[in-house]
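One structure below.
The values are calculated or read from the model by the stated rules, or taken from the named source; none is laboratory data. Every value quoted in this text rests on a predicted model; they were computed, and no experiment measured them. Backbone-built Cβ (ideal geometry, glycine too); neighbour counts: all protein chains shown. Each accessible area value is taken on the protein alone, full model and side chains, heavy atoms only, with ligands, DNA and RNA left out. Shrake-Rupley method; radii C 1.70, N 1.55, O 1.52, S 1.80 Å.
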Amino acid sequence: MPPAEPEPSSRGHRSLPHTGDLRVEAWAPTREECIAEAVRGVVGSFADLPAAAPGVTRECAVSAEDDAHVLAAVLEEVVYRMDAAGELPAEVVVVPARSGVRVRFTMIDSRAATQTGAVPKAVALHGLSLAQGSHGWACRVTLDV
């Protein structure tokens with residue numbers, strides 16, 4: 001099922017109940033802002049980030065066969081960095097690139113955050129969507145927790 005149409009010029013995200021998993025929907029005027037909102041939604045679903053914490057900039061290029069898989073690849077990068085380096089994205093900027101997107105994260109030590117829910121372990125491809133509608137972009141993603 002495609003994600004719900006966002007309101008004109010709006011942006012945001014929400015977590016939805018889903019048995020044993022985490023489902024996040026996000027919406028924004030552009031594809032790149034929608035991906036960034038999804039990252040914020042995923043992190044916000046399990047962590048309260050401190051208002052000010054020292055961060056380090058991490059950048060990566062992400063490409064995939066279609067927009068939905070670009071979204072999945074960006075979120076897989078977030079899950080990998082949480083697991084491998086113990087870092088959480090406090091800020092995220094996504095810009096278009098030739099075959100995908102370029103992402104700049106400001107990462108903080110995960111120990112600086114307060115855990116409020118189950119930490120995602122993987123991105124599920126079932127039900128994954130990222131599409132443009134008449135009022136902007138919307139996405140839906142499910143993560144294994």
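Computed quantities for the displayed model
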read-out: Search result, residues across region 116-136 that are in contact with a strand residue (DSSP E or B) (Cβ under 6 Å, 6 or more places away or on another chain) and either at negative phi or β-branched (Val, Ile, Thr) (or both); value: THR116, PRO120, LYS121, ALA122, VAL123, ALA124, LEU128, SER129, LEU130
read-out: Residue within region 33-52 that is under 24 Å from HIS126 (Cβ atoms), open to solvent by 20 Å² or more (accessible area, probe 1.4 Å) and of a type in the set (D, E, K, R) present; value: yes
read-out: Residues that are open to solvent by 40 Å² or more (accessible area, probe 1.4 Å) and touching a residue at least 40 places away in the same chain (Cβ under 8 Å), drawn from region 107-118; value: ASP109, SER110, ALA112, THR114, GLN115, THR116, ALA118
read-out: So ALA61, is it more than 11 Å from the chain's Cα centre (by Cα), of a type in the set (Gly, Ala, Ser) and open to solvent by 50 Å² or more (accessible area, probe 1.4 Å); value: yes
read-out: Given (1) under 28 Å from HIS135 (Cβ atoms); (2) free of Cβ contacts under 8 Å to residues at least 60 places away in the same chain; (3) open to solvent by 70 Å² or more (accessible area, probe 1.4 Å), number of the condition VAL92 does not satisfy; value: (3)
read-out: Segments classed as strands (runs of 3 or more DSSP E), wholly inside region 53-145, with at least 1 members that are closer than 20 Å to LEU22 by Cβ and of a type in the set (Lys, Arg); value: 136-144
read-out: Looking only at region 120-145, and only at residues there that are among the small types (Gly, Ala, Ser) and farther than 19 Å from ALA64 by Cβ, the one that is least open to solvent (accessible area, probe 1.4 Å); value: GLY136
